[in-house]
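The values are calculated or read from the model by the stated rules, or taken from the named source; none is laboratory data. All values reported here derive from a predicted model rather than from experimental measurement. Cβ: placed from backbone, ideal geometry, glycine included. Neighbour counts: every protein chain shown. Remember, those area values only see protein heavy atoms, side chains included, never the ligands or the DNA or RNA. Shrake-Rupley method; radii C 1.70, N 1.55, O 1.52, S 1.80 Å.
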Amino acid sequence: MWSLWLEYLRSMFGYDMVLPMNTGAEGVETALKLARTWGYKKKKIPKDEAIIVSCCGCFHGRTLAVISTSCDNDVTRGFGPLLPGHIKVDFGDAVALEKIFKENGDRIAGFLFEPIQGEAGVVVPPDGYLKSVRDLCSKYNVLMIADEVQSGLARTGKMLACDWEEVRPDVVILGKALGGGVIPVSAVLADKDAMLCIQLGEHGSTFGGNPLAGAVAIASLDVIRDERLAERSAQLGLELRHHLLKIQQQYPNYIREVQGSGLFNAVELNSKNLRPISAYDICLQLKERGVLAKPTHDTIIRLTPPLSISSDELQEASKALSDVLEHDLPKMQKAKPEHVSPTSSNICDRCGRNLYASPDEDN
């Protein structure tokens, strides 16, 4: 079973090799180690000088190496010192990325990014950004490392989010949906030129690639393929955003923006008009109406329903949001003290910017 599911992954995504792990964070850790050792062995970066570039607003997990790439104070504060060897760049800004590559290119081993930023609020990059990243990584001999843990496996309406621009990263990290919601399983995909830089005994995991995980991964991939869940996600995503945009038209003072791809979506709220209510409060009320949603950064509600959801269920969930804004929100605003403030600041400890500020907020 171990070799069977790895071959299944390898052939499905077209990479020479697969390194199995358990969690998404382990997959990212593996990719970081892979990029560093590739940088030293193949790119000849001087010892201990390898750099990983990652994006502002990223989320790749909560292990120490991974939070060292993060701009999220909630996951970094109290865990310092963070690991060195990281440079940040604004997501979606190919010009800024090339500037960093020009200035530090001889020491940059990899560019780690989410094709669509999940925890930042389902931020979709500008058209052409992924192709530009591919071109720049090839030009400056930098590994293009796509963290598809959240965005991959049909979530955005394609098998991989990178498929929207038909680009092939050097390294792909998969997780979450690979386990079908049943068991932790993740994987790192790469060609031999990169993967074989890790030698026997240099990396491993006690349970990585175990037979049960392999069987679940195969079953999950079979369902995604046979039930055409990527196509289903693309179509249902259009329906969901149609519903959400209608709600935005109804409540333009409350909803600032609707964004997403496939069934990977978010609603950004107008914090000034909702005060003192936050996205977290709205999500609690949605739960009371039978809908589970995830708040992020006080002003954003993420909506990532099962790929098996029906059109009727999407409509019902959308109505729940409308009902919360119409019926529950006024009561919540009266009941919650005006002086209550968010539990944490969005001012980034790294750069001092408020990465998640809405235009309506006073900075």
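Please give the contour-minus-distance gain from Arg228 to Lys246: 0.36 nm per residue of separation, less the Cα-Cα distance, rounded to one decimal in nm.
Gain in length upon complete extension: 3.7 nm.
With a/c under 1.5 counting as rounded, go ahead and sort the range 1-134 into rounded, prolate or oblate using the C-alpha gyration tensor (a ≥ b ≥ c being the square roots of the eigenvalues; past the cut-off, prolate if a/b is larger than b/c, else oblate).
It comes out rounded by the Cα gyration axes.
Top to bottom by accessible area (1.4 Å), largest first, where do Tyr129, Tyr280, Tyr251 land?
Tyr280, Tyr251, Tyr129
Taking the Cα atoms only, what angle lies between the long axis of helix 94-104 and the longest principal axis of the chain, rounded to 10 degrees?
Orientation of helix 94-104: about 40 degrees from the principal axis.
Considering only protein heavy atoms and a probe of 1.4 Å, how much of the accessible area of the chain is carbon and sulfur, as a whole percent?
Roughly 53 percent of what the probe reaches on the chain is carbon or sulfur.
Using amide H atoms built 1.01 Å from N in the peptide plane, name the residues 5+ places from Ser68, or on other chains, whose amide H lies under 5 Å from its own.
Leu83
Tell me which of Phe111, Ile224, Ala293 sits at the most positive position along the dipole axis of the chain, charges placed on C-beta atoms (Lys, Arg +1; Asp, Glu -1).
Looking along the dipole axis, the top candidate is Phe111.
Longer than 20 Å from Cα to Cα, which of Lys99/Lys139; Lys131/Lys176; Lys88/Lys272; Lys176/Lys246 are they? Say none if no pair is.
Lys131/Lys176; Lys88/Lys272; Lys176/Lys246
What is the helix-to-structure angle for 24-41, meaning the angle in degrees between its Cα long axis and the longest Cα principal axis of the chain, kept from 0 to 90 and rounded to the nearest 10?
The angle comes out at about 40 degrees.
Take every DSSP beta bridge with both residues inside the chain and express the antiparallel ones as a percent of the total, to the nearest 5.
60 percent
State the label only: which of (i) 1.10; (ii) 0.98; (iii) 0.95 corresponds to Rg/Rh (Cα atoms, Kirkwood Rh) computed from the shown model?
(ii)
Quick check for me: using +1 on Lys/Arg Cβ and -1 on Asp/Glu Cβ, what's the dipole size of the chain about its Cα centre, in debye to the nearest 20? Before the final figure, lay out each step's value.
Details: 40 positive and 47 negative charges, 114 e Å.
Around 540 debye, computed over the chain.
Rounding to the nearest 10 and keeping the result within 0 to 90°, find how far the Cα-based axis of helix 211-226 lies from the longest principal axis of the chain.
60 degrees
Below 18 Å, Cα to Cα, which aspartates and glutamates can Lys42 reach? Residues fewer than 8 away in the same chain don't count.
Partners within reach: Asp16, Asp106, Asp170, Asp191, Asp193, Glu202.
³J(HN,Hα) across the range 79-90 via Karplus (A = 6.51, B = -1.76, C = 1.60, θ = phi - 60°), whole Hz, x for Gly/Pro?
10, x, x, 6, 6, x, x, 10, 10, 9, 9, 5
Going through the range 165-212, which GluC sites (Glu not before Pro) have at most 14 other Cβ atoms within 10 Å and a DSSP loop state?
Filter output for the range 165-212: Glu166, Glu202.
What length, rounded to one decimal in nm, is gained on full extension from Ser11 through to Val95, with 0.36 nm per residue of separation minus their alpha-carbon distance?
Taking Ser11 through Val95 to full extension adds about 26.8 nm, to one decimal.
Restricting to Cα pairs below 8 Å that are 6+ residues apart, what does the relative contact order work out to for the chain? Please round to a whole percent.
17 percent
Choose one of Gln333, Tyr280, Leu212: the residue whose Cα lies farthest towards the positive end of the charge dipole of the chain (beta-carbon charges +1 Lys, Arg; -1 Asp, Glu; about the Cα centre).
After comparing all options, I get Leu212.
How much accessible area per residue does the chain have, counting only protein heavy atoms and a probe of 1.4 Å, in square angstrom?
46 Å²
Please list, in chain and number order, the residues 5+ apart from Asn354 or on another chain whose amide H is under 5 Å from its amide H, with Hs placed from the backbone.
Residues meeting the amide H criterion: Cys348.
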